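As structure tokens, the structure follows; a few thoughts come after it.
The values are calculated or read from the model by the stated rules, or taken from the named source; none is laboratory data. Note that the coordinates shown come from a computational prediction; the quantities given were computed from them, not determined experimentally. Quick reminder, even Gly has a Cβ in these numbers, built from the backbone with ideal geometry, and neighbours come from all protein chains shown.
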Amino acid sequence: MKPSHGVNRRTVLRAGAATALVGAGGVAGVGPVRAQSGWPSQPIKLLIAFPAGGPTDITMRALADAAGKLLPQPVVIENRPGAGGTLPAQALQQARPDGHTLAQVPLGVFRLPYTQKMTWDPLKDLSYIIGVTGYAFGLVVPTDSPIKTWADFVAYAKANPGKLSYGSTGVLTSPHLTMEDIAQRVGIELNHIPYKGSADMMQAILGGQIMAAADSTGFAPHVASGRLRVLNTWGAQRLPKFPDVPTLTELGIPLVQASPYGIAGPRGMDAALVQRVHDVFKQAMETPTHVDALARYDQALMHMNPQQYLRFAEDTFRREKALVEKLGLAKPN
């Protein structure tokens, strides 16, 4: 999917803050954004933490397209994969706080200070704008694998310490840390193979390069085609798409992982601008095209306003410290 540049450029009518736009395609509240702030005066760059072709890229392109249709400028996706999904947030440290450079913020951003030396602070050096969604995760193996169930997976790993290879979307991402947490809880040692995103990892498991993959449900088409089998999913309830697949909790592992993410801007954005950007993206995330794109990957809207998103960031930052220390991955003092 490519970002749409066919945006709605019809003239915006002057109106008060609560006045809806007039005419086909008009959306309440968007007109005053331009009139009051001059934003956006140029295309908006939205940095994505994972490669093109994966679930995050596809759903965020749908969101960007929907937002661009509400504005006089397009929202253009730029992929910045690698480093556990933290490169977009890092890039914001050199961006102007004018609302024209935004970034997806995966959960891995909140783990950085505990695992490596940093020159910026995830809480102080980002402007939190809006929480968007989270993932539906699971663990898959090839259908021709001798591992048919989670019990088989654990038994094989115990009989072959360190030899059962699994892929994730990168070091210190939620799939990686959750799998390592699971491994500690059940007493197994695994061989972690990181990839830059879901698309690369799916090629690897389908090509026989790894034995299992921990991922969001971007694997669903390969399950439907009969090439992959789901061993477990990581939500609070079973996924409607995989009603026969148990959750971690049902397997006796008290873990739920959805890895919520959203959009942030550079430090120092004016509070009124943050709110205006939030309002546009909130309308965009509720459009049928974006909701339908999320549904393809069993994702749901998880809206947070700027204040709620900042509180979520603060809480997550503290919680991730405990997980990183538990797994023995904290940087030396």
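So which of 200, 270 ends up being at pLDDT below 95 and among the charged types (D, E, K, R)? Before the answer, list the steps.
Working: 270 fails: at pLDDT below 95.
Of the residues listed, the single one that is at pLDDT below 95 and among the charged types (D, E, K, R) is 200.
Can you tell me which residue among 19, 11, 56 is under 21 Å from residue 272 (Cα atoms), hydroxyl-bearing (Ser, Thr, Tyr) and either assigned to a helix (DSSP H, G or I) or modelled with pLDDT under 95 (or both)? Spell out how you get there, then give the answer.
Working: 11 fails: under 21 Å from residue 272 (Cα atoms); 56 fails: under 21 Å from residue 272 (Cα atoms).
Of 19, 11, 56, the one residue that is under 21 Å from residue 272 (Cα atoms), hydroxyl-bearing (Ser, Thr, Tyr) and either assigned to a helix (DSSP H, G or I) or modelled with pLDDT under 95 (or both) is 19.
Can residue 320 be described as over 30 Å from residue 65 (Cβ atoms), outside any loop (DSSP other than H, G, I, E, B) and in contact with a Lys or Arg (Cβ under 8 Å, 6 or more places away or on another chain)?
On the way: over 30 Å from residue 65 (Cβ atoms): yes; outside any loop (DSSP other than H, G, I, E, B): yes; in contact with a Lys or Arg (Cβ under 8 Å, 6 or more places away or on another chain): yes.
Judged against the criteria, residue 320 is a match.
Anything in segment 212-242 that is outside any strand (DSSP E or B) and closer than 19 Å to residue 181 by Cβ? List them, or say none. So that I can check it myself, show each step before the final result.
Going through segment 212-242, the residues outside any strand (DSSP E or B) turn out to be 217-227, 234-242.
Result: 234, 235, 236.
Among the numbered criteria (1) of a type outside the set (D, E, K, R); (2) closer than 24 Å to residue 300 by Cα; (3) touching a strand residue (DSSP E or B) at 6+ places or on another chain (Cβ under 6 Å), which one does residue 205 miss?
Unmet for residue 205, out of (1) of a type outside the set (D, E, K, R); (2) closer than 24 Å to residue 300 by Cα; (3) touching a strand residue (DSSP E or B) at 6+ places or on another chain (Cβ under 6 Å): (2).
Out of segment 299-315, which residues are at pLDDT 95 or above and in contact with a helix residue (DSSP H, G or I) (Cβ under 8 Å, 6 or more places away or on another chain)?
Result: 301, 303, 304, 305, 306, 313.
Checking residue 175 against (1) of a type outside the set (A, V, I, L, M, F, W, C); (2) within 30 Å of residue 293 (Cα to Cα); (3) surrounded by fewer than 20 Cβ atoms within 10 Å (Cβ to Cβ), only one condition comes out false. Which one?
Failed condition: (3).
List, please: which pairs have Cβ atoms under 6 Å, are six or more places apart or on different chains, and start with a residue in segment 157-168 that is over 14 Å from residue 213 (Cα atoms) and end with one that is surrounded by 13 or more Cβ atoms within 10 Å (Cβ to Cβ)?
Matching pairs, first to second residue: 157/164; 157/188; 158/188; 161/189; 162/189; 162/191.
Pick out the one residue from 74, 43, 122 that is surrounded by fewer than 18 Cβ atoms within 10 Å (Cβ to Cβ) and either β-branched (Val, Ile, Thr) or more than 20 Å from residue 194 (Cβ to Cβ) (or both). Lay out the reasoning, then the answer.
Values: 74 fails: surrounded by fewer than 18 Cβ atoms within 10 Å (Cβ to Cβ); 122 fails: surrounded by fewer than 18 Cβ atoms within 10 Å (Cβ to Cβ).
Just a single option satisfies the conditions, and that option is 43.
Among the residues of segment 93-117, what is the count of those that are modelled with pLDDT of 95 or more and either aromatic (Phe, Trp, Tyr) or surrounded by fewer than 24 Cβ atoms within 10 Å (Cβ to Cβ) (or both)?
8
Tell me whether segment 218-231 contains one or more residues that are touching a residue at least 24 places away in the same chain (Cβ under 8 Å), closer than 30 Å to residue 122 by Cα and assigned by TED's automatic domain parsing to the domain that holds residue 196.
In the first step, residues of segment 218-231 are kept if they are touching a residue at least 24 places away in the same chain (Cβ under 8 Å); the result is 218-220, 222-223, 226-231.
Subsequent filtering for residues that are closer than 30 Å to residue 122 by Cα retains 218.
Imposing the further condition that a residue be assigned by TED's automatic domain parsing to the domain that holds residue 196 reduces the set to 218.
Taking every residue of segment 218-231 in turn, at least one turns out to be touching a residue at least 24 places away in the same chain (Cβ under 8 Å), closer than 30 Å to residue 122 by Cα and assigned by TED's automatic domain parsing to the domain that holds residue 196.
So which residues in segment 274-298 are out of contact with any helix residue (DSSP H, G or I) (no Cβ under 6 Å at 6 or more places or on another chain) and surrounded by fewer than 22 Cβ atoms within 10 Å (Cβ to Cβ)?
Listed by number, the residues that qualify are 275, 279, 282, 283, 286, 288, 291, 292, 295, 296.
Take residue 166 and tell me if it is under 24 Å from residue 185 (Cβ atoms), at pLDDT 95 or above, surrounded by fewer than 24 Cβ atoms within 10 Å (Cβ to Cβ) and of a type outside the set (Gly, Ala, Ser).
Details: under 24 Å from residue 185 (Cβ atoms): yes; at pLDDT 95 or above: yes; surrounded by fewer than 24 Cβ atoms within 10 Å (Cβ to Cβ): no; of a type outside the set (Gly, Ala, Ser): yes.
Taking the combined requirement at face value, the residue does not satisfy it.
Going by the conditions given, is residue 287 touching a residue at least 12 places away in the same chain (Cβ under 8 Å) and within 16 Å of residue 110 (Cβ to Cβ)?
Values: touching a residue at least 12 places away in the same chain (Cβ under 8 Å): yes; within 16 Å of residue 110 (Cβ to Cβ): no.
Here the answer is no, as residue 287 does not meet what is asked.
Tell me the residue from 247, 217 that is crowded, with 16+ Cβ neighbours inside 10 Å, touching an Asp or Glu at 6+ places or on another chain (Cβ under 7 Å) and either among the β-branched types (Val, Ile, Thr) or within 23 Å of residue 171 (Cβ to Cβ) (or both), please. Explain how you work it out, then say what you get.
Working: 247 fails: touching an Asp or Glu at 6+ places or on another chain (Cβ under 7 Å).
Of 247, 217, the one residue that is crowded, with 16+ Cβ neighbours inside 10 Å, touching an Asp or Glu at 6+ places or on another chain (Cβ under 7 Å) and either among the β-branched types (Val, Ile, Thr) or within 23 Å of residue 171 (Cβ to Cβ) (or both) is 217.
State all residues of segment 262-282 that are out of contact with any strand residue (DSSP E or B) (no Cβ under 9 Å at 6 or more places or on another chain) and closer than 15 Å to residue 122 by Cβ; if no residue qualifies, say none.
none
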